[in-house]
Amino acid sequence: MFFPICRAVSRPLRGHPQEVLEFSNLSRYRHLSSIPLQRLALLENYKRRPLLLSVSHTVNNPEYANKLRRFFAQKNFQSDANSDSAKKGSSKAKLLIVGFGLGAVIGLGYVYNKNMRHKSAPIANLDSDNSLWFTEPPPIDFIAKKVIGSRETRNLQLTLFQYEPCPFCKKVRAFLDYAGLSYDVVEVNPVTKKQLGWSAYKKVPIIVVKGEEGYQQLNDSSMIISSLASYLEDAQQDLRKIVKYYPQVDFQDADGKKGSEIMNRYFLMFGDKDPAGRSKESIVEERRWRKWSDDVLMHTLSPNIYRTWEESLEAFNMFSKNGDWEHIFSPWERQMVIYVGAAVMYIIGKRLKKRHNLLDDARQSLYNEVNYFLKTINAKGTRFIGGDEPNLADLAVYGCISSIDGTRTFNDLMLNTKLSPWYEAMCSIIDSRRGKLSKLADH
Ligand SMILES: N[C@@H](CCC(=O)N[C@@H](CS)C(=O)NCC(=O)O)C(=O)O
């Protein structure tokens with residue numbers, strides 16, 4: 001069936017209040033896929049109210065969903081631009097609404113997380129084999145970006161589920177780009193996480209790899225990088241077999257607190273072959289710095305970029321801009337993510353600062369760690385930790401730092417340390433190897 005479930009949304013194009021209607025059966029709109037969008041608009045304008053259709057579940061046709069969203073985004077943009085002057089006068093009212101709304105949203109978010117999230121049926125539960133292999137693709141509502149890689153790797157088809165600002169996701173993207181791979185990006189709403197309804201694992205990044213007979217889910221940034229890097233090293237190896245070397249182990253600590261750990265996640269699996277041109281020492285060093293990047297450097301970021309309410313809000317507005325959230329999320333969803341995200345991260349940033357024993361001046365902790373990294377490169381006398389070319393450790397550190405690029409923290413870091421030449425070199429090498437990027441606006 002073409003549209004299994006649809007939502008019809010009336011957009012406030014001419015100041016009409018927004019209204020969402022749920023339909024379980026829209027078979028009468030079956031013909032819509034074959035008519036141009038402008039005609040769809042005309043068709044609906046023909047009715048008294050300018051009702052436009054938004055297809056929220058086009059399982060068989062994500063491209064059409066993208067076109068529709070883009071069309072709506074442009075319409076909203078036009079109507080927003082018309083009402084700009086009215087908006088200026090209402091900023092105080094907006095603040096009040098946001099203030100009250102925030103409480104409501106956090107409350108709702110909490111209830112949703114507690115009750116609803118666990119009720120969605122994951123299609124990729126851990127099976128007895130612990131392998132996260134499934135035969136159906138995850139339902140994808142909307143692809144935010146596509147990268148057409150410069151390197152062909154046995155038609156490796158990857159979909160990355162990510163939050164734009166997430167440093168773990170940046171790290172994975174740095175790796176995919178450096179490797180010249182093709183991939184689609186699905187932007188996950190960090191508050192509702194509705195794009196992860198199909199998955200039992202609720203963190204990002206997640207990568208789904210399309211295989212010949214099914215789909216392989218990869219969880220955890222370091223596991224994703226290690227398994228794909230192992231596969232690229234020796235494409236004779238079967239990715240499904242490689243994945244089995246990274247089992248997820250659930251545990252309970254002495255206080256009864258449950259957790260889970262992905263084993264071997266910093267290890268590359270070289271199979272029977274010896275890794276080409278690499279010494280054992282360089283492999284161990286790479287592993288050590290990748291772990292340092294996750295366990296130490298990563299923890300210095302949040303207490304810095306969310307240090308004050310202004311910095312937190314500034315950071316989220318920047319994420320919105322860089323991540324094209326205007327086109328990806330509906331206007332209210334975007335505002336919710338920005339304000340709720342900024343508030344939550346402001347609070348969490350303070351807690352993380354304590355938990356990870358950062359100095360009172362969190363900036364200083366960041367500078368100290370970066371200087372420690374630079375000192376090691378200087379001692380080696382090379383451009384990168386990996387030597388003349390970056391290795392997975394350089395990419396991990398780059399992932400961390402690039403996630404804060406554009407914030408005040410980043411500017412301070414560049415002024416107060418000598419990281420800039422390394423960072424610029426990483427930017428240009430990754431840019432030169434990245435495939436062709438097409439954002440939503442281009443397709
Ligand atoms: N060890 C994981 C950590 C991933 C992680 O913590 N991601 C954050 C976003 S930056 C997340 O999804 N947190 C859970 C949440 O938002 O509920 C990895 O390396 O991928």
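With θ set to phi - 60°, apply the Karplus curve 6.51 cos²θ - 1.76 cosθ + 1.60 along segment 136-147 and write out the HN-Hα couplings as whole Hz, x wherever there is a Gly or Pro.
9, x, x, x, 10, 7, 6, 9, 7, 8, 10, 10
Write down the percent of antiparallel bridges among all DSSP beta bridges whose residues are both part of segment 127-226, to the nearest 5. Working shown, then result.
Working: 15 of 20 bridges.
Antiparallel bridges make up about 75 percent of those DSSP assigns within segment 127-226.
Could you list the residues of segment 203-219 with an amide nitrogen less than 12 Å from a label point located 7 Å from the Cα of residue 238 in the Cα-to-C-beta direction?
The answer is 212-213.
Just to be sure I understand the model, the point goes 7 Å from the Cα along the line to the Cβ. What's the resulting residue 333 to residue 412 distance in nm?
That separation, rounded to one decimal, is 3.4 nm.
Just to be sure I understand the model, the point goes 7 Å from the Cα along the line to the Cβ. What's the resulting residue 263 to residue 361 distance in nm?
Computed distance between label sites residue 263 and residue 361 equals 4.6 nm.
Once you sort the root eigenvalues of the Cα gyration tensor of segment 334-443 as a ≥ b ≥ c, which label holds: rounded (a/c under 1.5), prolate (a/b larger than b/c) or oblate (the other case)? List each step's numbers first, then the result.
Details: a/c = 2.44, a/b = 1.11, b/c = 2.19.
Judged from the Cα gyration tensor, segment 334-443 comes out oblate (a/c at least 1.5, b/c at or above a/b).
Assuming R0 = 25 Å, what is the FRET efficiency of residue 350 and residue 291, from their Cβ-Cβ distance, to the nearest 0.05? Could the numbers behind the result be given before it?
Working: r = 26 Å, r/R0 = 1.02.
In this case the efficiency is close to 0.45.
When the chain is fully extended, how far beyond the present Cα-Cα distance does residue 245 get from residue 374, taking 0.36 nm per residue of separation?
Numbers: separation 129, 0.36 × 129 = 46.44 nm, distance 3.25 nm.
Length difference between fully extended and current span is 43.2 nm.
How about segment 180-219: which GluC sites (Glu not before Pro) there lie in a loop by DSSP and see at most 15 other Cβ atoms within 10 Å?
For GluC sites (Glu not before Pro) across segment 180-219 that sit outside H, G, I, E and B with at most 15 neighbouring Cβ atoms in 10 Å, the list reads 212, 213.
Values quoted throughout were computed directly from the atomic coordinates according to the rules given, and no laboratory measurement underlies them. All values derive from a computational prediction rather than experimental measurement. Ideal geometry is used to build each Cβ from the backbone, glycine not excepted, and the neighbour counts take in all protein chains shown.
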